1. Along the charge dipole of the stretch 1-78, which of Ile6, Val66, Phe54 sits closest to the positive end, that is, farthest toward it, with unit charges on the beta carbon of Lys, Arg, Asp and Glu (+1, +1, -1, -1)?
2. Give the residue from Tyr208, Gly183, His138 lying farthest towards the positive end of the charge dipole for the chain; charges sit on Cβ (+1 for Lys and Arg, -1 for Asp and Glu) and the dipole is referred to the Cα centre.
3. Using Cα atoms only, what is the angle between the long axis of helix 125-134 and the major principal axis of the chain, expressed in degrees (0 to 90) to the nearest 10?
4. Counting Lys and Arg as +1 and Asp and Glu as -1, each charge on the Cβ, what is the dipole of the stretch 153-244 about the Cα centre in debye, to the nearest 20?
5. In whole percent, how big is the carbon plus sulfur part of the accessible area of the chain, probe 1.4 Å, protein atoms only?
6. Determine, for each peptide in 144-155, 217-228, the mean count of other beta carbons within 10 angstrom over its residues, then list the peptides with the highest first.
7. Please go through the residue pairs Lys152/Lys202; Lys142/Lys165; Lys107/Lys152; Lys152/Lys240 and name each one whose alpha carbons sit more than 20 Å apart in this structure.
8. If r is the Cβ-Cβ distance from Ala50 to Ile73 and R0 is 35 Å, what FRET efficiency results, to the nearest 0.05?
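The values are calculated or read from the model by the stated rules, or taken from the named source; none is laboratory data. Please read these numbers as outputs of a predicted model, since none were measured by experiment. Using ideal geometry, Cβ is built from the backbone for each residue, glycine included, and neighbour counts are taken over all protein chains shown. Calculation scope for accessible area: heavy atoms of the full protein, side chains included, ligands and nucleic acids excluded. Shrake-Rupley method; radii C 1.70, N 1.55, O 1.52, S 1.80 Å.
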Amino acid sequence: RDIPVIFLTACADADAERAGLEAGAVDYVTKPFNPPVLLARVKTHLALKAQADFLRDKSAFLEAEVDKRTREIRAIQDVTIHTLASLAETRDSETGNHIRRTQFYVKALARRLCENPGLAAILTPRYIEMLFKSAPLHDIGKVGIPDSILLKPGRLSPEEFEIMKTHTTLGRHAIEHAEQLLGMQVDFLSMSKDIAQSHQEKWDGSGYPRQLAGEAIPLSARLMALADVYDALISRRIYKPAMSHAQAAEIIVAGRGQHFDPDVVDAFLAIQDEFQAIARRFSDAEAGAAHE
């Protein structure tokens, strides 16, 4: 298709010439013809073809380079996110694969909620991709919580709990600082800020840090709220044993419309098997039996 075609023909009527050009010919020469003129036309079209080939090859090269650079940037982005998130997880070794599990929980919930007419316009493939990237940073603020509180084996005192609650705002401020260093806003960091700050808000407004209620809570944070609580319930912690899936599901259902967005709870109930599969896939070795 990239080879230029010149018609050389005794068919000299205008309709035939039009048909030839419409068929894709670059030129139409009728007999009798002048050989030097014909050669000049051929030379011109060969030169045009050489330029077209160069531009086409250059375009393909540039596309390949852009694709390569994009993949590199995404890989660096993913590694950076998990490195930052791991800083928080190293403060609490018992959380194990909590980052990975919650990341896949929120993705599964978002995909299910795509079927909800009221949310389908929000939950685009791009949104879900950014949600998946952002989720690991939900507890980044815990790096600022003292070990005496973060790792306390018993119930926190009211004063200690107030300090623990600051991990939400500490997380948002840390991500905002990263944005300031970049000198620009990045999609996944914007969503990360919402998740870090608001994943402890409750549907009825009794959460923290801002006592947001209902749809005033960012959707990304409402998804993380359920994912985070579910994983905490089925995982062993220094202050509690692991619960079974059935026990965790019962607590989540009881929190429908109070702690959790009703639509998100309904999505969870519809994909419980997927949640259990994710929990088994990324189970902590010492808590593996809890996911059975």
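1. Phe54
2. The Cα lying farthest towards the positive end belongs to Gly183.
3. Helix 125-134 sits roughly 50 degrees off the main axis of the chain.
4. Values: 10 positive and 12 negative charges, 73 e Å.
So the dipole magnitude of the stretch 153-244 works out to roughly 360 debye.
5. 58
6. So the peptides 144-155, 217-228, ranked by packing, come out 217-228, 144-155.
7. In this structure, Lys152/Lys202; Lys107/Lys152 exceed 20 Å between Cα atoms.
8. 0.55
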